[in-house]
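Only one structure is covered here, and it is reproduced in the block below.
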Amino acid sequence: IEDLFTWFSSLAATYLPEGPLNSLIAEGVLPGIGGIVVFAPQIGILMYFLYIMEDSGYMARVIFLMDRLLRPFGLNGKSIIPLVSGTACAIPAIMSARNIENTKERLITILVTPFMTCSARLPIYSIIITLVIPDEYILGIGYRALALLAMYMLGFVTALVFSFFLKKGIKNTNKSFLILDLPTYKMPLWGYNFKMALLKAWGFITGAGKVIFA
C-alpha cells in the first residue's frame, strides 16, 4: 500500500504543472491518504478475529474471565476488548468502549487505551531497539525480540497502573455489576464476519481518516 501511494505521488509530481497544486496533491493529499489506508488491513485482520471469537461464543467467556482480574483497577471485563483492539489502533478501540455501561469504567478505559502499543509505534520502536539493543541471542531468542515484547508488556502494565490511580481520582457512586449472557459455542459465520471486518476497516478510513487527513 505504501509503495502504491508513493507511485501515485511520483506520478502526480511528474505530470501536474509545477506550483502549489502539485505540492498539495503530491506531497500532501496522496501521502495523507496513504498514511491512513496503510493501517486499514491491520485493523481489518484484528476485527476479523475478534468477530470470529464473538460469533463462536468465546468472547463472552473472555469478558467473564477478565472481569475479576480488571475489577481492582477500576475496569470491568468489557474493557479487555478496547485494550486488545488498542494494539492495532487506539481510535476504533476507544470507539468500542461505548459498550461499557458504567460511566466511570468507560471513561477510565478510554483514557488508558492509548497506552497500549499500537501498530503506528512499531517503526519507532524498531529504530530505537536497533540502535540501542545488541544483536545477540539468549536461548535462541534475540535480545531485540525480547525488547519489543517488553515494550508491549510495558504498555499493558502502564495502562493498569494508570487505571488504578484514575479509579481513586474519578468520583462515581454508581456500583457496576457484570450481567452477561453466555451463548452456546458454535461454528462462526466466516463470510459474514469477513464482511463485518471490511465494514469496520472502511468505517475507520471514512471516520477517523477524515480527522487524520485534515
Practice problem: Select the helices (runs of 4 or more DSSP H) contained entirely in region 27-144, then report the ones holding at least 1 residues which are within 27 Å of Tyr185 (Cα to Cα). | Solution: 40-56, 58-70, 80-85, 90-95
Practice problem: Identify the single condition in (1) open to solvent by 40 Å² or more (accessible area, probe 1.4 Å); (2) touching a Leu at 6+ places or on another chain (Cβ under 7 Å) that Ile1 does not satisfy, given that it satisfies every other one. | Solution: (2)
Quiz item: Looking only at residues in region 180-214 that are assigned to a loop (DSSP other than H, G, I, E, B) and closer than 18 Å to Ser96 by Cα, which one is least open to solvent (accessible area, probe 1.4 Å)?
Solution: Gly207
Exercise. Could you grab the pairs with beta carbons closer than 6 Å, sequence gap of 6+ or different chains, first residue in region 110-128 and open to solvent by less than 20 Å² (accessible area, probe 1.4 Å), second one of a type in the set (Phe, Trp, Tyr)?
Key: Val112/Phe162; Thr117/Tyr152
Self-check item: Condition check for Ile100: open to solvent by 70 Å² or more (accessible area, probe 1.4 Å) and either among the hydrophobic types (A, V, I, L, M, F, W, C) or within 28 Å of Val38 (Cβ to Cβ) (or both)
Solution: no
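The values are calculated or read from the model by the stated rules, or taken from the named source; none is laboratory data. Keep in mind it's a predicted model, so treat the numbers as computed, not measured. As a convention, Cβ positions derive from the backbone with ideal geometry for all residues, glycine included, and neighbour counts pool all protein chains shown. Please note that ligands, DNA and RNA were not included when accessible areas were found on the heavy atoms of the full protein model with its side chains. Shrake-Rupley method; radii C 1.70, N 1.55, O 1.52, S 1.80 Å.
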